[in-house]
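Quick notes on the structure that follows.
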């Protein structure tokens, strides 16, 4: 059975809170990303039954475009 390396990025179009935070200019900690997700500030973020968060890659673009428009 092939088990993917946990260090390889998920290529499904979803990011972890760590990956999302690293993609934001200036960086953002995973705890802050999870807080934003709970508050509904990250479009499309979902909480899995195991408590982990998955965030669509498109949310990075949406967030950055929203800040550029402000």
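Derivation of every value follows stated rules applied to the coordinates shown; laboratory data play no part. As the structure is a prediction and not an experimental result, all values here were calculated from the model. Methodologically, a virtual Cβ is constructed for each residue, glycine included, from the backbone with ideal geometry; neighbour enumeration extends over all protein chains shown.
Some values worked out for this structure:
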{"quantity": "Ordering of 15-21, 55-61 by packing [mean C-beta count within 10 Å, highest first]", "calculated": "15-21, 55-61"}
{"quantity": "Virtual spin-label span in nm between residue 47 and residue 32, 7 Å along Cα→Cβ", "calculated": "2.1"}
